[in-house]
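The values are calculated or read from the model by the stated rules, or taken from the named source; none is laboratory data. None of these values were measured; they are calculated from a predicted model. Every residue, glycine among them, receives a Cβ derived from its backbone with ideal geometry; neighbour counts consider all protein chains shown.
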Amino acid sequence: MPLRRPFTSLFRPQRGPDQSVLTEHRGLVETIDRRKLLRGTLSLGALTMLTGCNISDRDAVQTVLRAVSGFNDGVQALLFDPNRLAPTYAASQVVKPPRFNAYYEIEDLKPVDIGGWNLELSGLIADKRPWSLERIYALPEQEEIIRHICVEGWDYIGQWSGPNLRDFLTRVGADLSARYVVFHGNDDYMESIDMPSALHPQTILATKYAGEPITDPFGFPLRLRTAVKLGFKNPKWIRAIEVTNSYSPGFWEKQGFNWFSGL
């Protein structure tokens with residue numbers, strides 16, 4: 001999705017030389033508010049109480065906001081039920097084609113060279129041999145008609161099908177007790193999800209949309225589709241999967257958004 005920031009109502013005009021502090025840390029404030037840990041308008045006075053220091057101390061503001069955001073992630077992870085299914089919908093409600101979203105505009109998309117494409121595997125995986133698209137297409141398919149919810153505030157119902165991610169990870173001997181599954185996209189977009197969400201029954205490696213192979217600009221040939229995460233946690237044009245216990249922030253986490261980002 002292009003780099004835009006929603007929820008501007010949080011940032012009422014402030015007076016004085018430090019009015020830019022809230023805007024500077026806008027991503028963190030938005031993610032905290034979306035999970036209702038802070039209600040109403042966040043003011044400079046409230047931040048002063050949280051930090052216990054002068055609001056112009058930007059390092060202190062950043063530290064406290066990241067601490068609250070991290071606490072938010074921890075609470076979401078504790079509340080996550082790996083067996084609870086997200087709502088599903090009728091085929092008549094599916095939007096065709098799906099909506100394009102990325103951190104850049106559609107005209108900047110670089111198509112995947114499918115001639116040399118293989119899915120690379122790394123990290124805590126026993127069988128790291130790459131997978132061709134033909135092998136992936138030969139796996140059993142699972143269909144999910146679920147709602148895609150973007151952090152920007154829009155959504156649509158999509159019909160996705162492809163191999164169940166848990167089944168795939170089991171097949172290649174991944175360590176299912178590891179903390180993270182990391183996805184690397186052909187567009188250099190990197191995103192990770194927690195292992196319980198990767199193993200959720202409605203998390204798949206999507207190869208088709210509405211019964212047809214996914215095309216560009218919608219993530220060809222492979223994209224993640226999970227019913228338990230916000231849209232930006234579902235990377236497209238996947239070229240590699242890594243299983244690891246080491247955390248690396250993705251594109252949107254570097255902008256200040258919550259890592260867990262569950263629904």
If the requirement is being farther than 30 Å from Ser177 by Cα and in contact with a Gly (Cβ under 9 Å, 6 or more places away or on another chain), which of these qualifies: Pro111, Pro98? Pro98
Look through segment 193-202, keep the residues that are free of Cβ contacts under 8 Å to residues at least 60 places away in the same chain and assigned to a helix (DSSP H, G or I), and return whichever of them is surrounded by the most Cβ atoms within 10 Å (Cβ to Cβ). Ala198
Output for segment 205-263, where each listed residue is among the acidic types (Asp, Glu) and in contact with a strand residue (DSSP E or B) (Cβ under 6 Å, 6 or more places away or on another chain): Glu242
Out of curiosity, is Pro201 within 15 Å of Asp81 (Cβ to Cβ), more than 11 Å from the chain's Cα centre (by Cα) and not acidic (Asp, Glu)? yes
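Conditions (1) in a strand (DSSP E or B); (2) touching a strand residue (DSSP E or B) at 6+ places or on another chain (Cβ under 9 Å); (3) surrounded by fewer than 16 Cβ atoms within 10 Å (Cβ to Cβ), marked per residue:
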| residue | (1), (2), (3) |
| --- | --- |
| Asn101 | no, yes, no |
| Tyr104 | no, no, yes |
| Val112 | no, yes, no |
| Ser122 | yes, yes, yes |
| Arg135 | no, yes, yes |
| Glu144 | yes, yes, no |
| Glu152 | no, no, no |
| Ile157 | yes, yes, no |
Quick one: would you say Ala86 is outside the structural domain of Lys233 (by TED's automatic domain parsing) and within 21 Å of Thr203 (Cβ to Cβ)? yes
Scan segment 221-252 for residues that are without any contact (Cβ under 8 Å) to a residue 24 or more places away in the chain and either touching a helix residue (DSSP H, G or I) at 6+ places or on another chain (Cβ under 6 Å) or buried (at least 22 other Cβ atoms within 10 Å of the Cβ) (or both) and jot them down. Arg223
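Matching residues to (1) free of Cβ contacts under 8 Å to residues at least 12 places away in the same chain; (2) crowded, with 24+ Cβ neighbours inside 10 Å; (3) in contact with a Gly (Cβ under 8 Å, 6 or more places away or on another chain):
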site: Arg179; (1), (2), (3): no, no, no
site: Gly185; (1), (2), (3): no, no, no
site: Glu191; (1), (2), (3): no, yes, yes
site: Ala206; (1), (2), (3): no, yes, yes
site: Asp216; (1), (2), (3): no, no, no
site: Gly219; (1), (2), (3): no, yes, no
Within segment 164-190, how many residues turn out to be in contact with a helix residue (DSSP H, G or I) (Cβ under 6 Å, 6 or more places away or on another chain) and assigned to a helix (DSSP H, G or I)? 1
